[in-house]
Structure formats: C-alpha cells, structure tokens
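Nothing in this text is a laboratory measurement; each read-out follows from the coordinates by a stated rule. What you are looking at is a predicted structure, and each value in this text was computed from that prediction instead of being measured. A quick note on method: Cβ atoms are made from the backbone with ideal geometry, for glycine too, and the neighbour counts reach across all protein chains shown.
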Amino acid sequence: MADVFANGDRPNPPHRVDTSMCDHLRGSLDLDATVKREPREPEDGGPDAQTGAPSSTRSKLEKRFGDVVRWGGVSEGVKRRKTTSPACQSCESPLTRPWACLTCSYVGCMHLGAASSSSKNCMQVHWQQSGENSVDPATGAVFCSLCNDTIYPDTFEAILRETRTRVEETADISREGSSLRGRGRGPFRPWPGNDGASSLDDVSSTCRGLRPLLNLSQTCFLSAILQSLIHNPLLKAYFLSEKHNRHLCSHAARGLAVGKPYLGTPDGSGGAVGPDREKGCMCCELDRAFEEFYNDDKSPFGPVTMLYSMWHASAELEGYGQQDAHSFFLAALDQIHAHARGQMSSCNCIAHQTFAGSLLSLVSCSKCSTTSTTIDPILDVQLDFPAETPTEGLTLAGMLRRFCAPEKVGEVGKGYECDSCGGGSGVVATRKLMLRKLPPVLSFQLKRFAHNATSTKVELPVRFTSKLDMRPYVDPGTTANETTDGTDENPSDTLPDSLFSYDLFAVVTHEGKLDNGHYWADVRSGDEWWHCDDDKVTPTTLSAVLAQKAYMLFYIKRSLAYTQPMKKLLSVVGAAPVQPPPALSNGTSTPGYSTASNSTANEAKKGLPVGSSVGGKSLGGKGHPIRGMEV
Amino acid sequence: MAHSQADKPDQAVLDEIRKRLIETGDWDRLSTLLRSRLEESGWDDDLKDYAKERARAQENLNLESLLKEVTPKAHEMLQPKLREAVVQEIEAVLEREVEKA
C-alpha cells in the first residue's frame, strides 16, 4: 500500500530509493535506474522519449498521468452528462473501464480478471510497441505489465490528489452565492515540505492519542464522548496547534477552583471579587485533555476538571449519576461556543466550524400550493426509529431517507393553518426536509431513548457503513438567492461526488437499560480501530465496530474546502491598510484575484448561516442556534 | 423475452448494447444505483475486510491472484434481493432500448 505521507512535488534525493514504485517504472522515469534497459527505437511519441534528459521523460509521464486522472476525475467524480464512451483504439469496443497507456495517448481494453469491460486485451498488444504501463483513470492505479501488478507510486499519488482536488474546485459551484457570504473557496496548495528538512517519511511517532479514561463514578458517558472528540480530526488539529491555550485563556478555570466563589484574577485585572462562580472553560478542558492524550503517560486519565466544569456550566447535567451521552455532547459544544468571539450570523468557534450544518424545510399547502422554506441550523442529525421495522432490517441510509421523506402536517379536524391562504380543516401541508449545508463533521444520534409513554429503549440494530454518501439527502437546488441561467440541466448534477462523501471515525454505543447502562466508544486512528471502554482501550476491527448497536455516529467529510487566503483577497488593494474585502456584484471580475474556479471572488459560502430564515413559517422549533433540531 | 437461455451472448451485440446504454446515460445510472445499494448493504465493507485478510495471507501478493480469490466471494456475498432489484432495473432499460432479434 502506498505510503500516506507522499513526497509531494520534490524529487527524491538521490541517495534514497523510492520503494513505492517498481524497478521498471523507476527506470522509465530515469531515477536511480537499477535495471539495465535495452536501447529502443525512438517512438513516434517524440525523439526524446527514451534518450532525452531525465527530467523531460519524467515530466512527460507525470503530465500524462495527470491528464488521465483529470479526465477520470471529470467523468467519474462529476456526474456525467450524456457523452460518448471512449472506445478502444484497437478494436473499437466501447470501454466502460478504460485503461490509458502511460507513455502515449493510447486507450484500450485491458483484461484484469473480473474487473474489466471485456475479455480482450488490446493493451497487451499495444505494449509490444510502446511502453509497459497503463493507468486507470478512475482510481489512478498504475499497472506495470512487467511486474504484472498494479503499483501506487508516491509521486503519482500526490499528483492524483492534487488533480482531483483541482477538478473538484473547478466544479464546485455550490460555493458560489451572494456577495455577503464570505471569502469563497480557495485553491488547494500541496504542502511543500520544509526546505532541507527530512520528509514526513522519516517521522515515526509512537503517539497516537490513545489513552484510557478513569470512570469517576458513572461517567462512562463522558469517556465515550470525550474519546469521540479526541479522535475528531478537526478538533485534534485545532487543539494540538494550540489554537486555544488554557494558560492564556481569560476564562480558564483554575483547576478545582471551578464552582468556588470567584476571587478575581491573580493580577487584579479580571474584575472584582464577587458572587460569580468560577465558570470554567470547556475549550481549556479540551486543551488539557488533548495534552493528556498526546503525552507519554498511558495510565488512565481522570477528566475531573472537565466534569466539574460541565456541572457548573450546565445545571441539568449536574451531579453524580449516569447522563445521556448525547445531551453531554450538545452541552459540550454549547460550552465550547460560549467563549467564542463570533457573532450569531457567522460564528467562528471550533464547535460551529466543525459541526454546524443546516437543514432546509419545505412546506407545501395542499390548498393553495404555496411552498414556504425555512433554513435551520443544526449541529447534528437526530434520527427517529420507524414505528414498523422493515423486513430487511434498519440501515442508516434508510433512516435518513425516512428523515427526508414527505410528511403530512396538519391537526386532525382543524387542518393546516396556511400563512398564504388560511388553510382550514381538510387542508394538509406536506413537509420535506433536506440537508442544505453539510458540516465538515456529521454527527448522528439514533433516538433509542424516545421519551414517550412507554419509555423503553429501542434495541434494534441499525446497519451503518464506513463510508457515507450524503448526496441523496442534500438539497439539489442552488443557493436560495441565486438565479440559474436557465439551462435545462440541474446544475447540482455536475457537482463532484467527493463533495458529499464522508468517512466514519467514531461510534458511541450504549448497553443496558435507560437509566442503568453503560457507554463505550469505538474510534478510528488512521486505519486502525480502537475500542475505548473507560479505562480499557483495546484494538478492534472495522467489522466488530460495524456490528455494534450504535447510539451515536460520527462521520468526517472526505474532502474539505479551503477558504480563499486573505492575502489574495486583499491583493486588490495592494499593501495599503487592511480593508474588508469589497463586496462584488455578480458577474464582475476584479483583476488581481486568482481563484481556481472561474467565479468572482467573495461569492461564496464559508459563512455558517445560523438562524437565517428565508420566508415562511418555521416549523419544528429551533430558535436556539446551538441546540440543534428540537423536533 | 425473445431469446432462449441457451444462447451465448454475442460479443458484438453486447458491445452495441453497452454503447447505447452509455449514450442514454443509463449505464451510469445503473452503475451508480448498484454501487450505492452495495455500499448501503455493507457489501463494500465486508468485501474490503475479506480482501485485506486474503491479501495478508498471500505469499506473493499480486493483483490478479487476489482478484481470483476474492471475486467468487464477492459474488457469494451479494444479497439475492439486491441482485434481483438491480436485474429488474437492467431488464427495464433493455426492454426500452433493445429491439428483440
């Protein structure tokens, strides 16, 4: 398998052999050739195909690879319009799985057991004349006919990643919106590495962020959620890069002083001694937790100050005894947000940046057919169990479909009260839900503890997967304020699949009865899964994790968009004093901007629409921008 | 259906059908349908697990040999109901697009 930490664009230093490619390919690229190659006739691909300077052969092959995977990214990742299929250049049969020669522009049939369009092998014949490698545009796999195997060279993997990201950036028109929405999407730049420093290959870390947690009397709910937060890649990046330093935070709880009367700050500047209690700061607690998880101490860690901080911030969770892990999760996010500096409309606290998304609610009246739309901010998706279990069992996807399915609204007898026509008895409204903004981390709660008359826990297993495609549940329309250009094609059909793909990284499971049970978490660190049951942390497998009767699921978006760097936006005004980015009207293009996509800058959507409502009646409650959907 | 079960599909005919389905966009639609049904049923995860296990066990790991081992298992793991549903879709498309001989 390819090494995850690729070298990027730098050539390999001559003394180190790149083991991610075979000798044959290494020879073709003319790097550190260990295989004596027989001189060949110059190809019609150019006089310097074999005998030219190393860099030109190499760059030709790399360019070819890039072109092939870009084509693959455009036709596979972006929903295809009706196109003609590529045909084999030898036998003209249509190729559903084309393979492209790496050294020239040939495309042909290649037989690879079951994974091929046909049983023919025109590529093999082609290799007798030109080259010995072919590339699969769909995956970037390189096939070496001399090894008779696929290889995944690091340098090509890096080209693949960058090319696919660029394809996504160009196609990502979902990032365009009104000029008030923020900085827009900026281009991905591969990490150039530190000059002279060794590559990431050399860095071997024993530190994986794994640590057992002490159960401080019925605190397994905290252990499980904390584990899921520690292994959340975005939170990890935030806290490990010291974005919140508890030694400098003005809200910092002084350890166990939390809850005690406020005695003022040590230097007297923080305010008078008064009746306030030391409130504590959840960000400081997380900072402390990350530090504890990533040091050498692997003895069980007791998150005492976090617990105290939680109690004093959130009255309903106070006291010893079992709490609902989901309530704790939302309370923790609330407390992280509490000390954020953002305003309501675009909070930049790490809780919102990580978890905030939005839901679109469409309500149509059966009498007058007006549809009202409401956009509600959410921090997670809470899924109900259906009244009747389908025979083939419950799946996460099935529950999501039910979540989005049209539902009749309207009181029996009284009917639906429509804002436009009044409604009345007999009138019903149909409500549909869809996701509008997908958060970077998507959390699900499977509502096993319905607070209804029976008040029993739902024990039914729900099948979920390590990958999740959210496209079917996302609003296919363009952003609310944008006008389409009247094409008959739905513009969102051309959005690449990667914008909707998520990967599972944490699962919280509950066992036992409503008020007397136990929580644990299964978390992913890289490709390894770990079972975290309070102070017992053991390796586990994906299949074991998928077999859990999950209560909460955490998925992370596979591809993240980067905002336009501020200096790009400010380059218009040069080195002059910093000004806020000018609001551009649609359609004008300002020189000096260079965005990957061909849109005017500033149009898009890094802003988190919290609480915005686009006309219509708001159903299903929210109001509180942090608590999420309270249906 | 007009053809008998014993007929071996003619490669040229298959090619024509494939070409047509690609043109109408049905190939893509069916592929996507199959892929998402497979993923939702857990087939993807189970197969990946199995393939990893087999790959670790192989002496000389090679794509072809791995495919040979894994392919029958992949067919076996396919739920009959899923297969039926997708086959029905395919038949509907063929009904629409293909003239019976």
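Estimated at 0.36 nm per residue, the fully extended path between residue A:421 and residue A:391 surpasses their Cα-Cα distance by 6.6 nm.
Summarising the label geometry, the points placed 7 Å from Cα in the beta-carbon direction at residue B:73 and residue A:304 lie 5.0 nm from one another. If R₀ is 51 angstrom, what is the calculated FRET efficiency for the pair residue B:62 and residue A:405, using the beta carbon separation as r and rounding to 0.05? E(calc), rounded to 0.05, equals 0.65.
Applying 1/(1 + (r/R0)^6) with r as the Cβ-Cβ distance of residue A:139 and residue B:29 and R0 = 25 angstrom yields a FRET efficiency of 0.75.
Site pair residue A:23 and residue B:83 shows an inter-label distance of 4.4 nm when each label is modelled 7 Å from Cα along Cα→Cβ. Spin-label model, residue A:148 to residue A:538: label points 7 Å out along the Cα-to-beta-carbon direction sit 4.3 nm apart.
Here r is the Cβ-Cβ distance between residue B:98 and residue A:428 and R0 is 45 Å; the resulting FRET efficiency, rounded to 0.05, is 0.55. Look at A:95, A:499 and count the other Cβ atoms within 10 Å of each Cβ; fewest to most, that gives A:499, A:95. Neighbour counts of C-beta atoms inside 10 Å place A:463, A:401 in the sequence A:401, A:463, starting with the fewest. Mean projection of the Cα convex hull over all viewing directions, computed for segment B:26-100: 6.1 nm². Report the paramagnetic label zone for residue B:50: residues of segment B:61-77 whose backbone N is under 13 Å from a point 7 Å from Cα along the Cα-to-Cβ axis. Of the residues in segment B:61-77, B:67-77 have backbone N under 13 Å from the label point off residue B:50. As a proxy for reagent exposure, A:230, A:375 were ordered by neighbouring Cβ count within 10 angstrom, fewest first; the result is A:375, A:230.
As a quick test, which of the pairs A:549/B:81; A:60/B:52; B:19/B:73; A:236/A:467 have an alpha carbon distance above 27 angstrom in this structure?
Details: A:549/B:81 24 Å; A:60/B:52 34 Å; B:19/B:73 29 Å; A:236/A:467 21 Å.
Pairs exceeding the cut-off: A:60/B:52; B:19/B:73.
Each residue of segment B:51-63 is assigned a 3J(HN,Hα), and the resulting list reads 5, 4, 4, 5, 5, 5, 7, 6, 5, 10, 5, 8, 4 Hz, derived from the Karplus form 6.51 cos²θ - 1.76 cosθ + 1.60 (θ = phi - 60°), x at Gly and Pro.
Taking amide H as placed 1.01 Å from N in the peptide plane, residue A:381 has its amide H under 5 Å from the amide H of A:443, A:444, A:445, each at least 5 places away in sequence or on another chain.
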